[in-house]
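S.K.: This is the structure I want to talk about, given as structure tokens.
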Amino acid sequence: MFNDIIKLIDWLFNFFCFVFILLLLVLNNQEKRWIFRSSISCLAKHIEPELTAIKAAGTWKNERIISSPQSTVISLRNGKTVINFCANNYLGLADNKEVIAAAKKALDNYGAGLSSVRFICGTQEIHVELEKKLAEFHNRDACIIYASCFDANAGLFETLLTAEDAVISDELNHASIIDGIRLCKAKKHRYRHRDMDDLEQKLGESSSSRMRLIATDGVFSMDGTVAPLPKICELAKRYNALTFVDDCHATGFFGKTGRGTEEYFNQLGSIDIINSTLGKALGGAAGGYTVSTAELVALLRQRSRPYLFSNSLPPAVVATGNKVLDLIRNDASFLSSLESNTQRFRRKMIDAGFTIGGDNHPICPVMLGDAKLTSEFADKMLEKGIYVIGFSYPVVRKNKARIRVQISGAHTFEQIDQAVDAFIEIGREFKVVS
Ligand SMILES: *Cc1c(COP(=O)(O)O)cnc(C)c1O
């Protein structure tokens, strides 16, 4: 009897010890989770209203997933095949067989990547070759390549300009130019979009500066409009200012031999500094660059932070650029189909009663005005197998909503006509055209 009671007490003691330890473990774990949850929920508290506001403003961006290479016809993940009118693949080189073969060969010969910035151990002969070809393409002394044109724009202004200088920038310049300018200490002036009187006034206001730099996109991507370079160069000369052009939507395909905006105006060599990208017409892989004088490029190599502190471009990407330049620099045939496709689309759409913005550029904004109409219109186009994107405020000005169509030299006339037919059919449905 006594023994049994001792056993029972012993058993109960063990049992409660076990429960107690279990409880401790569970509580401890919960506490950890509780701490973890509290910091995350604090973060969410800040972020959620912002996400809600983006959705409420109708500016939420969804990403459609593509399951094929970039091309004029692409497959979406849902199995649907659509004709693509929203890539910057102006010359259709993104899936060019020779370009892909060159990239594969570079992988074999030069590896996947450099694991280094350029000045430590990240420069191969193909990097130097690409810089030489790009400088030659633009007929400039020198070129420096970056991981992107965003980086080229981020690195330029801070390196070149001091607090004694001034930069005068078109108000609709690309975000990367705006950010690049933010990083520098120069005095900042903005002139109204392509308004040369306003530019002249800002040049007058900044006359006490040591050095002045006028900065503009060559072609503005939302409108397909071109910066008035002849006038900009004339003002630059008169006011002793430097000129900078970001030619991302022009390099390789705009102007008689694809040399960009300065060639479009028959003013080759007139711009002091050009930044551009390999991520659009020139194969579409990645990479950006600056071409200018040997001195400026030398200074950028010493001081430009996105160049000094970011990884060297991967060999396959560099080989893509080298091959594309071999293909296009002495062969204007890539340009003729882009030109005829652009003319065909613009003429047919205007004949049908649509308003097309821009200056005869492969960026063809179909102006619709209303934001809701524009997004519904674009959705219906996709249902008909035509992939186009609508843009509305705040990406473009209020009541200036549009569907931006981008023509490629690789489109066939049939594909262009299919797009026009779909625009007309849906346009009638929405009473945009009769
Ligand atoms: C696309 C674009 C860029 C960015 O180029 P990435 O090489 O993709 O970084 C910069 N400026 C302009 C005007 C562009 O259109």
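The values are calculated or read from the model by the stated rules, or taken from the named source; none is laboratory data. Values in this document were obtained by computation on a predicted structure and should not be read as measured data. Quick reminder, even Gly has a Cβ in these numbers, built from the backbone with ideal geometry, and neighbours come from all protein chains shown. Just the protein is used for accessible areas: all its heavy atoms, side chains included, with ligands, DNA and RNA removed. Shrake-Rupley method; radii C 1.70, N 1.55, O 1.52, S 1.80 Å.
S.K.: Taking only protein heavy atoms and a 1.4 Å probe, what accessible area per residue, in Å², does the range 97-330 have with all protein chains in place?
M.R.: Accessible area per residue: 42 Å².
S.K.: For the range 76-159, run through the trypsin sites (Lys or Arg not before Pro) and keep only the ones in DSSP coil with at most 11 other Cβ atoms within 10 Å of their Cβ.
M.R.: Loop-located and lightly packed - 77.
S.K.: Please list 233, 42 in order of solvent-accessible area, largest first, computed with a 1.4 Å probe with all protein chains present.
M.R.: Heavy-atom accessible area, descending, gives 42, 233.
S.K.: Would you work out which of 73, 381, 264 lies farthest towards the positive end of the dipole of the chain, given +1 charges on the beta-carbon of Lys and Arg and -1 on that of Asp and Glu, about the Cα centre?
M.R.: In the chain, that residue is 381.
S.K.: Determine the calculated [θ] at 222 nm for the chain from helices alone, applying -39500 (n - 2.57) to every DSSP H run no shorter than 4 residues and normalising by the residue count; nearest 500 deg cm²/dmol.
M.R.: -15500 deg cm²/dmol
S.K.: How large is the convex hull of the Cα atoms of the chain per residue, expressed in Å³ as a whole number?
M.R.: Taking the convex hull of the Cα positions in the chain, it is 239 Å³ per residue.
S.K.: Let me ask another. Restricting to the chain, what percent of DSSP beta bridges are antiparallel, rounded to 5?
M.R.: Around 55 percent of the beta bridges assigned by DSSP in the chain are antiparallel ones.
S.K.: DSSP beta bridges in the range 97-330, what fraction antiparallel, as a percent rounded to 5?
M.R.: Just about 40 percent of them are antiparallel.
S.K.: Just to confirm the number: angle between the C-alpha axis of helix 294-303 and the first principal axis of the chain, 0 to 90 degrees, nearest 10?
M.R.: Once rounded, one gets 10 degrees.
S.K.: Ignoring any ligand, DNA or RNA, what whole percent of the accessible area of the chain comes from carbon and sulfur when the probe is 1.4 angstrom?
M.R.: The value for the chain is 55 percent carbon and sulfur by accessible area.
S.K.: Do any chymotrypsin sites (Phe, Trp or Tyr not before Pro) in the range 276-311 lie in a DSSP loop with no more than 14 other beta carbon atoms within 10 Å, and if so, which?
M.R.: Sites meeting the loop and neighbour criteria: 309.
S.K.: Going through the range 177-248, which trypsin sites (Lys or Arg not before Pro) have at most 14 other Cβ atoms within 10 Å and a DSSP loop state?
M.R.: When the trypsin sites (Lys or Arg not before Pro) of the range 177-248 are filtered for loop state and at most 14 Cβ neighbours within 10 Å, 185, 192, 210 remain.
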